[in-house]
1. Determine if the range 122-142 includes at least one residue that is on the phi < 0 side of the Ramachandran plot, surrounded by fewer than 20 Cβ atoms within 10 Å (Cβ to Cβ), free of Cβ contacts under 8 Å to residues at least 12 places away in the same chain and outside any strand (DSSP E or B).
2. Output the number of residues of the range 48-63 satisfying the condition of being in contact with a helix residue (DSSP H, G or I) (Cβ under 7 Å, 6 or more places away or on another chain) and surrounded by fewer than 22 Cβ atoms within 10 Å (Cβ to Cβ).
3. Any chance you could count how many residues in the range 41-64 are farther than 19 Å from residue 222 by Cβ and at pLDDT 90 or above?
4. For residue 174, only one of the following conditions fails: (1) closer than 20 Å to residue 22 by Cβ; (2) touching a residue at least 12 places away in the same chain (Cβ under 8 Å). What is its number?
5. Quick check, is residue 288 touching a strand residue (DSSP E or B) at 6+ places or on another chain (Cβ under 6 Å), modelled with pLDDT of 95 or more and under 29 Å from residue 9 (Cβ atoms)?
6. Just to be sure before I move on: is residue 213 under 18 Å from residue 136 (Cβ atoms) and either surrounded by fewer than 13 Cβ atoms within 10 Å (Cβ to Cβ) or free of Cβ contacts under 8 Å to residues at least 12 places away in the same chain (or both) in the structure I sent?
7. Are there any helices (runs of 4 or more DSSP H) wholly within the range 1-118 with 2 or more residues that are under 17 Å from the mean Cα position of the chain (by Cα), and if so which?
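The values are calculated or read from the model by the stated rules, or taken from the named source; none is laboratory data. This structure is a prediction, so every number in the text was calculated from the model and none was measured. Backbone-built Cβ (ideal geometry, glycine too); neighbour counts: all protein chains shown.
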C-alpha cells in the first residue's frame, strides 16, 4: 500500500484487489458468490476456513480455484485414516552423505494448504495442524519453524453422519476462523455448470490475479480498518451470550471474539469502507461462531442447532447505533 494513502482510499484499494479473487473464482463456482466472499474475507483476516458439505458439491474445486487465483505456493493433503502427523508437518531424516540429520518439510509448508476431507484422518493426525494454524509455526525435534506468509488453510469435510469420518475436536474447530457450506445449486445454475464443463473444466483456465506479496499487504491494510468501541462491545456481548445460553454446554472462547473482530474488519474492507458497522458483525456471526459451540446432548441431533442458537442470540441482543 502507498505510504501516503489515507484509510478510505486504502479500503477502496483492498476492495478492488480482493474482488479480483471473487470474480476469478466465480468463473469456476457458479451461484455461490456469498460463500466465495466469505472465503476471501477469511483470507484477508489471516484466518482459516472449514468447508463442510456433502460429497460432490464443489468443496475441493472451490479451494483449488482460490489457490490458483493467487500467485502463492499450493499443497494439497488428502487426509486418510492411515495418514501420520509427520506426513503433514515433515520429518527429520539422517543424511548418510553429510552424516547429519536434516529436516524434510511436509506439505503444510505452503502459502495455501488444502486439507481435503480433514475428518477422515485420526484425531492424532488432525492435531498436527493445531500449532501451524494457531501460531503459524511448526515445532519438531525442539526446533520451531515459521510458516511462509501468507499462510491460509482451506479444509473440507463431509458431515459427521457419513461413514469413515472422525468428528473434529473442539480445539481443532476453534482454529478455523469460519465454517461455510456450499449447498446445492439451483436447476438453472446446475445447467450452467454442465455447459461450462462440456469441453473442459473451467478450473484449467483460472488466472493468477494477485501475488503473495499483494495478499500480505492487503492483510496488513485490513488491520487498520477502524472499529468503534460500541461495535467491540457488541461483539463481546454476542460471544458472552453463547457462554450463558442454557442449550450450550461450551460457548465461544476469546479467540471467537477476536476472530469476529478481524472478520468484520475484512468484511468492511471488502465493501470499500474504512470502518466496521454492526451489520458486518451480524452477517459474520453465524459462520464465525456457530462451529465453536458445543451444544447440550438433548439438542445435538437437531438440524444445525448451533447455527440456530447464534441466530437466536442475534435476534435477542440490541444492535448498537453507529
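1. yes
2. Looking only at that region, the number is 2.
3. Just the residues of the range 41-64 that are farther than 19 Å from residue 222 by Cβ, to begin with: 50-64.
Right, trim to at pLDDT 90 or above and you get 50-51.
The number of residues fulfilling the criteria is 2.
4. (1)
5. So residue 288 fits the description; yes.
6. Working: under 18 Å from residue 136 (Cβ atoms): yes; either surrounded by fewer than 13 Cβ atoms within 10 Å (Cβ to Cβ) or free of Cβ contacts under 8 Å to residues at least 12 places away in the same chain (or both): yes.
When the stated conditions are applied, residue 213 passes them.
7. Working: elements: 7-26, 33-44, 59-68, 85-89.
Ranges flagged: 7-26, 33-44, 59-68.
Residue-wise test of (1) over 20 Å from residue 266 (Cβ atoms); (2) surrounded by 23 or more Cβ atoms within 10 Å (Cβ to Cβ); (3) touching a residue at least 40 places away in the same chain (Cβ under 8 Å).
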site	(1), (2), (3)
12	no, no, yes
20	no, no, yes
27	yes, no, yes
115	yes, yes, yes
119	yes, yes, yes
